[in-house]
């Protein structure tokens, strides 16, 4: 299961500038990878191209062995007419009840299930939203700042457990947090903008896991590489 | 609270209107034949109250029925026309164009074809309040609530019923305001229909009073129309609040 982007170009209708042009990279193995780069560089546009929500682009996307792409983002909401628990019950596919309970526990959402979505804090809303995506069938899940409002410790716990629970799935984590992507991601695709060559650089991250300590010096090195690539 | 506010507001406006009329009367020295004095208005009120009250109820019943019909049809058409398809666009364009034509202007045709009975009043009331409701419903139903709908769309769970439910829920305030507001249109439509050619209702009584040049009767009729409509709108708004609380939990 690999994801290959070849000579991808995108220009919005009416605009003379390319969002990206001749963008190419490859993510060979499943895992927790990242799209990184400054605002406006095309991370969300690329995510939408991958999920088929933005059909007008040039270039080729290869996704051998991958069928279902999902895109989640941090401002998504659940309908407000019933409690969070009831919504989760309705969208849980058959045979995934145990996984749902496990995720609720990992995400620390036990006390939120009777509340309506609008009554939750932003961090809780982010967690509920991501949880429902993790219950679905997917080969690639794009997390566009999906945990942006969650505190650092909880975010770390969630990411590490996701990596353990879904070792054979592709994740594309979009974040502006250089420490986080360096620490948790296996490969970081740094998007640099249409005017630069190469337009993207893939950097090897530290890929932290529950059972693996990371080396502080190597983490600093990765962060430095990301900053250099994006600046 | 909403009900009280509606009634207070109407009483204040009615009192201001009446005061202006009396000011004109005494300022220009007009006779009681042109603008009756307060005592005349009071006497007419006590004499005609019961008859006019039942006339207003008669009109209100037709207006409510017309409003219910128009809301029902507007919801059906609005839901059908919400999608960015050829059919959806056709319905939207047709609704915008047809509503630009004054329904009152075609009311005489309806009277000629259907006579001056209940059906004609009902039809005109429904037509007058239908298009504004339709435009609002189409506007609400055609606007995706992307942050909520996205998940259901990408996971293949979206059904038209869910889409309508999400959009109605997210625009509940707008919908209840439009429905409460359309009560005025339905009432106005019914009164206009009665005024043109019907043989019952408060519009018919106003027409008779007009032929008698009896402004006192017209003022009493206006008072009863206003107070009844205020109560009806207040009840609608209150119902909206109750439904909203039950559905949203706040």
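The values are calculated or read from the model by the stated rules, or taken from the named source; none is laboratory data. Everything quoted here is computed from the prediction, not taken from an experiment. Every residue, glycine among them, receives a Cβ derived from its backbone with ideal geometry; neighbour counts consider all protein chains shown.
The table below lists the values:
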item	result
Residue among A:57, A:18, A:36, A:25 that alone is under 14 Å from the mean Cα position of the chain (by Cα) and either crowded, with 16+ Cβ neighbours inside 10 Å or under 20 Å from residue A:196 (Cα atoms) (or both)	A:36
Identity of the residue in region B:136-153, away from chain A (no Cβ under 13 Å) and more than 15 Å from the chain's Cα centre (by Cα), that ends up nearest to residue B:60 (Cα to Cα)	B:137
Among (1) part of a helix (DSSP H, G or I); (2) within 14 Å of chain B (Cβ to nearest Cβ), the one test that residue A:99 misses	(2)
Residues satisfying the stated conditions in region A:63-79, i.e. assigned to a loop (DSSP other than H, G, I, E, B), more than 13 Å from every other protein chain (Cβ to nearest Cβ) and under 17 Å from the mean Cα position of the chain (by Cα)	A:66
Residues being loosely packed, with under 15 Cβ neighbours inside 10 Å, in contact (Cβ under 8 Å) with a residue 40 or more places away in the chain and not in a loop (DSSP other than H, G, I, E, B) - total across region B:110-163	1
Any chance residue A:107 is modelled with pLDDT under 90, surrounded by 16 or more Cβ atoms within 10 Å (Cβ to Cβ) and farther than 16 Å from residue A:174 by Cβ	no
Selection status of residue A:82, over 29 Å from residue A:1 (Cα atoms), within 13 Å of chain B (Cβ to nearest Cβ) and in a loop (DSSP other than H, G, I, E, B)	yes
For residue A:47: the one exception among (1) under 14 Å from the mean Cα position of the chain (by Cα); (2) assigned to a loop (DSSP other than H, G, I, E, B)	(2)
Lone qualifier among B:242, B:227, B:218 - being at pLDDT below 90, away from every other protein chain (no Cβ under 14 Å) and surrounded by fewer than 21 Cβ atoms within 10 Å (Cβ to Cβ)	B:242
Test for residue A:16: is it touching a strand residue (DSSP E or B) at 6+ places or on another chain (Cβ under 6 Å), away from chain B (no Cβ under 12 Å), free of Cβ contacts under 8 Å to residues at least 60 places away in the same chain and not in a strand (DSSP E or B)	no
Test for residue A:63: is it under 26 Å from residue A:205 (Cβ atoms) and modelled with pLDDT under 95	yes
From the options A:100, A:77, A:96, residue that is farther than 17 Å from residue A:191 by Cα, in contact with a helix residue (DSSP H, G or I) (Cβ under 8 Å, 6 or more places away or on another chain) and free of Cβ contacts under 8 Å to residues at least 40 places away in the same chain	A:100
Number of the exception - residue A:202 against (1) within 26 Å of residue A:22 (Cβ to Cβ); (2) under 15 Å from the mean Cα position of the chain (by Cα); (3) surrounded by 14 or more Cβ atoms within 10 Å (Cβ to Cβ)	(2)
Residues satisfying the stated conditions in region A:118-142, i.e. part of a helix (DSSP H, G or I), within 11 Å of another protein chain (Cβ to nearest Cβ) and surrounded by fewer than 21 Cβ atoms within 10 Å (Cβ to Cβ)	A:118, A:119, A:133
